[in-house]
Structure formats: structure tokens, C-alpha cells
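Starting off with a structure, shown below.
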């Protein structure tokens, strides 16, 4: 199904992900790369992202529970998380990683804690919204196939 | 449907086998067979960078460490483009790039970083990379470079 023939509700849902600042240009570029041979590239990336980073999130949370904080270690974890988040255009999560990093550099414990809580919320929210979007996109493709003339 | 990219978690199976999702932009076919190498310790980045390069028409291998990359080159593998992450486990990104240049590698080498540390760019450039870029590796950035390599 061509993207410009997607059902309106799906188009609007997709657009809202950009309007809310959740995704950036990288997501669009990855979608552009998808073709008949690789139709699910973006969804596979996102699925792998959440599988790969869920443990990292737990590790960071545990590291934030130690005292004193090891800012070098936290910096390293953020490097990984930001790299992964940027790979598919997770704009807000990426921004939170950068902000967290600034607090690490400044040795600001409260800033790190607060930013991480924010990051976790954005991370979870993006997951829910992308799962919903991909599910609707799959349904739309199935519907499109069903309605094609034989 | 099997995942598009080796090592990826597959998306839920689509019921149609002839998905017609439109590519908004048709990448050119290359005159040469372009070969790429990704050196990145972070699994998802490695998978995505390899995937992007592959979907842009570059036959790409991916390794986790600088040592593995150097070993590949020492075994005779050649590449048109090599992307190296700043932070690798033992041999750093710049050290890997430097070693490659010492071995006579003339490929385009790109240093990638997720978070900027002061001195990183200078270190990478001194090691002999052609460019230094913040992640992500994006198709719009990559394709013009591939076009240059293809010419």
C-alpha cells in the first residue's frame, strides 16, 4: 500500500508522532528505504530497539540507586542509549539522553534523577504509540490487499 | 515473513507476501559493487547501520570490535566505505582507524559518535578518517557519499 494511499486515520496518527516531537527525520528516511523486499524494516528496528534497551534502562536505574553516583559509568550507558535511540529517530528520548549527559558532566545528581524519570516516560510512551501505529499500518495493508481486484 | 535484516527481531508476520508500500525515493543502482564495513560495539546500532548500508545498495559486513575489523582487513577483505564508532571495547575507534591507514587502507572511513566528547573529532581526524559524524547514519547523508565512491 503506497504511503500516500494510507487511510486518513493512519496518516493523522503518523503525523502526530512528528508533531509531538517524538520522531525525527531519521524515521522518515528509514521508511523511505523500505521496499517490497524489506517492507518491515522500521518496525523490526523499533522492536529490536525495545528488546535491546529494556535491560539497559534497568541497569541505569540501578546505577542511579547507588551512592555516590558513578557519572562516568552513567555517561557510558547514555552513550549506548542515545546511539540506539537515534538510529530510528526517537527524538525526545535522544534529547533526554543529551540532557542527562549534561547533568552527568555537571555532577548534578538531582538533574540526573529527574531527567531519567522523564526519559523513562518518553521511552514507554513512544513504545505504546509506535506499537499502535504499526498495528494499524499492518491492518491497513491487509485491508488494502483484500480490496484489490483479483 | 523473515526479518529484513539478519539478527533483527521479526515484526509480526504480515499476511500479504507482496506488500506494495511505496518507496518515496528510488536510490540509484551503483555501477560498482560497493562494499562496506560497520564497526560498532552496540548491537542495535550495528544492526541498523548495516541494514541502512545494505538497503542503500552496499554489501556490508558488521563487526563489534576494532580488533575484528583489523583482522578482517588483514585477511584480505577490502571495503569502499568503513564506519567506525568512537567507543569500542579495547581498541578505540580512532585507534582502529589509525591502524587501518597504517595497513594501507584507502577506503572512505567515517568516524561516528553518539555523544560528543571534547577532543574526539581531533583524535579521529588525526587518525585519518575522512569524516566525523554524529549518529545516526542516515540514508540522505550516506547516498551522496556512495554516489561519489561509485564515480
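Once you average over the residues of A:77-90, how many Cβ atoms of partner chains fall within 10 Å of each Cβ?
6
What FRET efficiency would be calculated for the residue pair residue A:55, residue B:147, taking the C-beta separation as r and a Förster radius of 51 Å, to the nearest 0.05?
So, using R0 = 51 Å, E works out to roughly 0.85.
Taking every pair of alpha-carbon atoms in the protein assembly as shown, what share in percent sits in each 10 Å bin, from 0 to the bin with the longest distance?
Taking all Cα pairs of the protein assembly as shown, the binned fractions are 6, 26, 32, 23, 10, 2, 0 percent.
Quick check on the protein assembly as shown: helices-only [θ] at 222 nm, where DSSP H runs of length 4 and up contribute -39,500 (n - 2.57) each and the sum goes over total residues. Nearest 500, please.
So the calculated ellipticity at 222 nm is -18500 deg cm²/dmol.
Compute the acute angle (0 to 90°) between the alpha-carbon long axis of helix A:109-146 and the principal axis of greatest extent of the alpha-carbon atoms of chain A; round to the nearest 10°.
10 degrees
A follow-up question, please. Nearest-5 percent of antiparallel DSSP beta bridges in the protein assembly as shown?
Just about 5 percent of them are antiparallel.
Another question about this same structure. Partner chain Cβ atoms within 10 Å, averaged over the residues of A:130-142 - can you pull that number for me?
Per residue, the average neighbour count from other chains is 2.
Using alpha carbon coordinates only, what is the Rg to Rh ratio of chain A, with Rh defined as the Kirkwood radius?
Numbers: Rg = 18.0 Å, Rh = 16.8 Å.
On the Cα set of chain A, Rg over Rh gives 1.07.
Quickly work out the residue A:36-to-residue A:102 label distance, labels modelled 7 Å from Cα along the C-beta direction, and quote it in nm with one decimal.
Each label point lies 7 Å from its Cα, and together they span 4.8 nm.
Moving to a separate point now. What does the average come to when, for each residue of peptide B:51-60, you count the partner chain Cβ atoms lying within 10 Å of its Cβ?
Taking all residues of B:51-60 together, the mean is 3.
Per-residue counts of other Cβ atoms within 10 Å, averaged by peptide: what ranking do you get for A:115-122, A:94-101, highest first?
Peptide ranking by packing, descending: A:94-101, A:115-122.
Let me have the relative contact order for region A:1-106, percent, based on Cα pairs under 8 Å that are six or more residues apart.
Reported relative contact order: 32 percent.
Sticking with this one: For residue B:74 and residue A:70, what is the calculated FRET efficiency with R₀ set at 45 Å and r taken between the beta-carbons, to the nearest 0.05?
Result of the calculation: an efficiency of 0.80.
Test of understanding: express the Cα radius of gyration of region B:23-151 as a ratio to 2.2 N^0.38 Å, with N the residue count. Could you put the intermediate results ahead of the total?
Values: Rg = 13.7 Å, N = 129, 2.2 N^0.38 = 13.9 Å.
Scaled against compact globular proteins, the figure is 0.98.
Output the peptides B:63-76, B:124-137, B:82-95, A:73-86 sorted from most to least packed, where packing is the average of other Cβ atoms within 10 Å over each peptide's residues.
The densest-packed peptide leads the list: A:73-86, B:82-95, B:124-137, B:63-76.
FYI, it's all coordinate maths here, none of it is from the lab. Everything quoted here is computed from the prediction, not taken from an experiment. Note: ideal-geometry Cβ built from the backbone for every residue, glycine included; neighbour counts use all protein chains shown.
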